[in-house]
1. Quick one: in the stretch 142-189, of everything that is more than 23 Å from Q48 (Cα to Cα) and among the small types (G, A, S), which residue is surrounded by the fewest Cβ atoms within 10 Å (Cβ to Cβ)?
2. I'm trying to understand the selection: among the residues of the stretch 74-90, which are among the charged types (D, E, K, R) and under 13 Å from the mean Cα position of the chain (by Cα)?
3. Can you tell me which residues in the stretch 11-57 are charged (D, E, K, R) and at pLDDT 80 or above?
4. Condition first: free of Cβ contacts under 8 Å to residues at least 12 places away in the same chain and either under 13 Å from the mean Cα position of the chain (by Cα) or within 18 Å of D3 (Cβ to Cβ) (or both). Can you find one or more residues in the stretch 91-98 that meet it?
5. Of all strands (runs of 3 or more DSSP E) completely enclosed by the stretch 83-189, which ones contain at least 1 residues that are modelled with pLDDT of 95 or more and acidic (D, E)?
6. Write out, first by first residue and then by second, each pair whose Cβ atoms fall under 9 Å of each other, whose residues are 6+ apart or on separate chains, and whose first residue, in the stretch 168-186, is without any contact (Cβ under 8 Å) to a residue 12 or more places away in the chain while the second is in a strand (DSSP E or B) and surrounded by 15 or more Cβ atoms within 10 Å (Cβ to Cβ).
7. Is it the case that N125 is under 15 Å from the mean Cα position of the chain (by Cα) and on the phi > 0 side of the Ramachandran plot?
8. Looking only at the stretch 52-73, count every residue that is within 18 Å of L136 (Cβ to Cβ), under 10 Å from the mean Cα position of the chain (by Cα) and not in a helix (DSSP H, G or I) and tell me the total.
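The values are calculated or read from the model by the stated rules, or taken from the named source; none is laboratory data. What you see is a predicted model, and the numbers here were worked out from it, not measured in a lab. Every residue, glycine as well, gets a Cβ built from its backbone with ideal geometry; the counts of neighbours run over all protein chains shown.
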Amino acid sequence: MLDRMHELERRHLADQVDGTPFAQRLRQVPPETGRLLALMAALAPAGQMLEIGTSGGYSGMWLSLACRERGDRLVTFELAEDKVLLASETFRLAEVHDWVQIVHGNVLDHLPRYQDVAFCFLDTNRALYDAIYAALVPNLVPGGLLLVDNAISHASELAAFIQRAEQDPQLDSLILPVGKGVLVCRKKR
């Protein structure tokens with residue numbers, strides 16, 4: 001797993017330097033965010049473990065560590081076929097494919113089927129965040145966690161979304177200055 005993590009970290013840096021078009025870049029969280037995800041997922045209550053935005057599978061590897069410890073399976077959603085193939089390769093090479101299921105397609109077509117969500121990491125097309133929030137938050141179990149990446153680096157773009165989460169009476173929310181900033185939301189009991 002460490003070898004694959006290092007390979008994806010190398011590719012991520014290379015994409016930023018070599019002029020790869022933004023839409024084709026391998027985007028992923030930094031290692032410190034990965035560690036936070038694994039810790040928070042391991043502490044989540046019982047229920048479904050979700051990730052929205054698989055990319056190359058980097059954060060999914062971190063989350064698979066928590067799933068292995070919990071005896072759960074991560075369901076991760078990705079729209080881009082090339083990233084589904086890359087993530088499948090990542091999970092196979094890291095030998096975590098038994099703990100991860102990739103769902104290829106628009107998450108909004110699938111999300112309503114997932115009830116009793118204990119943990120969700122959201123890191124995808126930000127234009128979908130409001131619709132994902134509306135479909136996901138009612139299905140979080142009491143104590144369930146929603147973590148959203150880029151809360152500091154894209155604060156102006158996410159301002160309305162962050163405000164919605166912070167003002168939602170169903171949730172306790174705060175932003176952690178880890179990586180590019182992680183919005184952590186916990187469903188109240």
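1. Only one residue tops the list, namely S156.
2. Step one: filter the stretch 74-90 for residues among the charged types (D, E, K, R), giving 78, 81-83, 89.
Once the filter is applied, which keeps residues that are among the charged types (D, E, K, R) and under 13 Å from the mean Cα position of the chain (by Cα), the stretch 74-90 yields only E78.
3. Passing the criteria: E32, R35, E51.
4. yes
5. The strands (runs of 3 or more DSSP E) meeting that bar are 140-149, 171-176.
6. L174/L183; L174/V184; L174/C185
7. no
8. The qualifying residues number 3.
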